[in-house]
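Note sheet for the following structure.
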Amino acid sequence: MRLNSPQINLITRACMKASRSLIRDFGEIENLQVSAKGPGDFVTSADKRTEKILIEELQKAHPEYGIITEEAGVINKSNTKNRWIIDPIDGTMNFLNGIPQFAISIGYEEDKEIKCGVIFNPITNEMFCAEKGNGAYLNNARIRVSNKKEIKDALLVTGGPKRASKIKDKIFSEYVNVSNNVANVRKFGSAALDIAYVACGRFDGYWQRELNYWDIAAGIVILKEAGGFVDFFEEDTNLPLKKNILATNSNIHEELRELINKKDIE
Ligand code: IPD
Ligand code: CA
Ligand code: CA
């Protein structure tokens, strides 16, 4: 891999360290203590342990950096110039059910732009990473988005809605519009891996409403460096960490946007 900024080295080291206990926890899934965090959403002791290790490792090098992380919230709030954006386990539901489709996701943001990021699935041992200007990689191999040109041939991925969603009808009607016009749609349960899979050409595009910034922060730079296109729609300036994402191989981007905006179900 030809990425070697201090930040990417730090992130990969932190991921490798945290993944050791995560792999152990995954192996003992039945003994995990599960507590209800809210409807349709669980937090495990593994989540918290992983997050603690990641924060400790990253803070060793830069105690002054800001951190936005799913479980602990915001650390060093006043530092908005340099921030780590962390999801210790993205795909918790999969993790809890013994499905090896989850990942640690860490993005490094400088002046509000994600400069590098890592998405690591410790079970399949796939590490997606990228640095702005230096390309995107899956383990040691350079990755690129698919070359598919026509949306009718595209394999897409999406996620949600959560049980508590207030816009289920809208989300389902968008799903119907899209699925009537593409080859097929998958739902894999990890937003971070969903984007990473677009970056390496497994999927041609991904869209989803009601995400959080930490779900997809690392994925933004990975997808862009792999030649993809990502943008956000219907942003609410009062809720900057809430995201509705559209992420594609770039060829099918506008067509997918039109399908999502379409009001009438075909
Ligand atoms: C979730 C996953 C899932 C997405 C949810 C996220 P979590 O993150 O990314 O794919 O549909 O919206 O909250 O809770 O597993 O970290
Ligand atoms: Ca997540
Ligand atoms: Ca999570």
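Figures for the structure shown
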item: Hz values of 3J(HN,Hα) by residue in region 166-180 - Karplus curve (6.51, -1.76, 1.60), Gly and Pro given as x; result: 9, 10, 4, 4, 4, 5, 5, 6, 5, 4, 4, 4, 5, 5, 6
item: Under the Karplus curve 6.51 cos²θ - 1.76 cosθ + 1.60, θ = phi - 60°, whole-Hz ³J(HN,Hα) for region 152-157, x wherever Gly or Pro sits; result: 5, 9, 7, 9, 10, 9
item: Angle in degrees between helix 6-27 and the longest Cα principal axis of the chain, rounded to the nearest 10; result: 90
item: Lysines whose Cα lies under 16 Å from that of Lys166, excluding same-chain neighbours fewer than 8 positions away; result: Lys242, Lys243
item: For the chain, built as a Gaussian network whose Cα springs stay under 10 Å, the top-fluctuating residue of Ala18, Ala103, Ala199; result: Ala18
item: Relative packing of 160-167, 134-141, 236-243, which averages over residues the other C-beta atoms within 10 Å, highest first; result: 134-141, 160-167, 236-243
item: Carbon/sulfur fraction of accessible area - region 151-261, other protein chains in place, 1.4 Å, %; result: 50
item: Largest to smallest principal axis extent of the C-alpha atoms in the chain, angstrom; result: 53, 41, 37
item: Phi-based couplings in Hz for region 109-117 (Karplus 6.51, -1.76, 1.60; Gly and Pro marked x); result: 10, 10, 6, 6, 10, 6, 9, 7, x
item: Heavy-atom surface of region 6-142, accessible at 1.4 Å and reported per residue (Å²); result: 44
item: Two-site FRET efficiency, Phe233 against Glu56, from Cβ-Cβ distance with R₀ of 41 Å, rounded to 0.05; result: 0.65
item: Theoretical gain in end-to-end length, Asp153 to Ala72 [0.36 nm per residue, Cα-Cα removed]; result: 25.0 nm
item: Helix axis angle, 213-225 relative to the chain longest principal axis, alpha carbon, degrees; result: 70
item: Cα-Cα P(r), region 6-142, percent of pairs per 5 Å interval; result: 2, 10, 21, 23, 19, 14, 8, 3, 0
item: DSSP-defined beta bridges in region 51-113 - what % are antiparallel, rounded to 5; result: 75
item: Added length on full extension, which subtracts the Cα-Cα distance from 0.36 nm per residue, Asn184 to Lys48; result: 45.4 nm
item: Over region 151-261, relative contact order from alpha-carbon pairs under 8 Å, at least 6 apart, %; result: 29
item: Packing-based ranking, highest mean first, of 244-257, 217-230 given that Cβ atoms within 10 Å are counted; result: 217-230, 244-257
item: GNM top mover of Thr158, Thr12, Thr124 - the chain, alpha-carbon springs below 10 Å; result: Thr124
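The values are calculated or read from the model by the stated rules, or taken from the named source; none is laboratory data. As the structure is a prediction and not an experimental result, all values here were calculated from the model. We place every Cβ from the backbone using ideal geometry, glycine too, and count neighbours over all the protein chains shown. Areas reflect the complete protein model, heavy atoms only, side chains present, ligands, DNA and RNA absent. Shrake-Rupley method; radii C 1.70, N 1.55, O 1.52, S 1.80 Å.
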